[in-house]
Amino acid sequence: MQRQTPAQDDVLGYFDTLSNWGRWGDDDQLGTLNHITDDVRLAAARAVRHGRSVSCAWEVAVPEEMERATTACPCAADMPGAEHMPSPTFRNDRRWGFSTERLGLTFHGNTITHLDAPCHIFWDGAMYNGRPHELVDADKGSAWAAVTAAAHGIVTRGVLLDVAAVRGVPWLEPGQGVFPEDLEEAERRQGVRVRPGDAVLLRTGRGRLRHEAGPQGGYEQAGWHAACLPWLHERDVALIGADTPQDVQPSGYADVLMPVHAVGLVAMGLWLLDNCDLEACTATAAELGQWDFQLAVAPVRFAGVSGSPVNPIATF
């Protein structure tokens, strides 16, 4: 299979040729989520043919991947003797008991399943739809295109494309990129076609590797090649996800280290689902012979935040 690799100048040109700035108005913060119309949601509901739901997220290890701190339960303030209570994470006093935690985590990165909002990345000092990066404040967060733009949730048709199966390998090796030719071959093999408003979930097999060998460190990753960006734009894709942090690393471009993040978020307003666990979804799709499904993603309404940990649910 011959794969076309764009030159760096072509990729830099994507900031203009694939731009959605102004497409849905100068005040738009939804970006490609605008492709998810009421009709698209209705079509997604019709993709539910078996009633089976699976998670596409990794379990977050506590406390390995989160900071745990002790705190008092807010409701405990009304309890008799509350003024003498310490700040435990567990209490059991005869019939009344409770447990509570205060947890902190950094969800951006290569481990936790999370959603990237458009304000996550800047290019030449600008965010999606031409807003200046100064709208993001270290104390107050972002006043533009934060994760709360998707506060009503993302419900659309999801399509899983198993590129590891296309290439006949258990998983792609670090540094191997996925090209439009791979996506179209996966469509042919699986009998499905990506439509406007869809969420496309890319399986490289990294989830299988992680299940078998544990979390994989290192800079190099398999993932979307920049060559896929025009394809995603032409298909009017609303959201992409992968079982990696999206971009193939190294990207092959000295001046654009993460083109899928940079062009996708800044120019296209393309929301990203990083670090999915797609193994259960893949097994279910193969068992049922169905590679499309209803996908539901509900980010936490963190004010001014550039993303959210999420648990995407695929319902077949």
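What follows draws every value from the coordinates through simple rules; no lab data is involved. Treat the numbers as computed from the prediction; the structure is a model and nothing was measured. Counting neighbours? That spans all protein chains shown, and the Cβs are built from the backbone with ideal geometry, glycine included.
Report the one residue of Gly31, Gln190, Val166 whose Cα lies farthest in the direction of the positive end of the charge dipole of the chain (charges on C-beta: Lys and Arg +1, Asp and Glu -1; origin at the Cα centre).
The residue sitting most towards the positive pole is Gln190.
Rounded to two decimals, what is Rg over Rh for segment 5-65 when you use alpha-carbon atoms and the Kirkwood radius?
Here Rg/Rh amounts to 1.17.
Please report, to one decimal in angstroms, the Kirkwood hydrodynamic radius of the chain built from all distinct Cα-Cα pairs.
20.6 Å
Determine the sum of side-chain charges near Asp162: Lys and Arg each +1, Asp and Glu each -1, restricted to other residues whose C-beta is under 9 angstrom from that of Asp162.
It works out to a net charge of +2.
Just to be sure I understand the curve: with the Debye formula and one point per C-alpha of segment 123-266, what is log10 I(q)/I(0) at q = 0.09, 0.16 Å⁻¹?
-0.32, -0.96
Could you work out [θ]222 nm for the chain from helices alone, using -39500 (n - 2.57) per DSSP H run of at least four and dividing by all its residues? Round to the nearest 500 deg cm²/dmol.
The per-residue figure over the chain is -5000 deg cm²/dmol.
Quickly work out the Arg95-to-Ala138 label distance, labels modelled 7 Å from Cα along the C-beta direction, and quote it in nm with one decimal.
Between Ala138 and Arg95, the simple spin-label model gives 5.2 nm.
What are the ³J(HN,Hα) values, in whole Hz, obtained from phi via the Karplus relation 6.51 cos²θ - 1.76 cosθ + 1.60 with θ = phi - 60°, for each residue of segment 300-316 in sequence order, with x given for Gly and Pro?
5, 7, 7, 5, x, 9, 7, x, 7, x, 9, 10, x, 10, 9, 10, 8
Label segment 172-224 by shape, choosing from rounded, prolate and oblate, from the square roots a ≥ b ≥ c of the eigenvalues of the Cα gyration tensor; if a/c is under 1.5 it is rounded, and otherwise prolate applies when a/b is larger than b/c, oblate when it is not.
Prolate.
For His108, what is the net charge nearby, where nearby means another residue's Cβ is under 10 Å from its Cβ and Lys, Arg count +1, Asp, Glu -1?
Once all neighbours under 10 Å are counted, the net charge is -2.
Take the Cα gyration tensor of segment 101-208, multiply each eigenvalue by 5, square-root it, and list the three semi-axes largest first, rounded to whole angstrom.
Sorted largest first and rounded, they come to 32, 18, 15 Å.
Quick one: divide the alpha-carbon radius of gyration of segment 228-316 by 2.2 N^0.38 Å and tell me what you get.
1.21
With +1 assigned to the C-beta of every Lys and Arg and -1 to the C-beta of every Asp and Glu, and no other charges, what is the dipole magnitude of the chain about the Cα centre in debye, to the nearest 20?
1100 debye
What net charge do the residues around Ser308 carry, taking every other residue with its C-beta under 15 Å from that of Ser308, with Lys and Arg at +1 and Asp and Glu at -1?
-1
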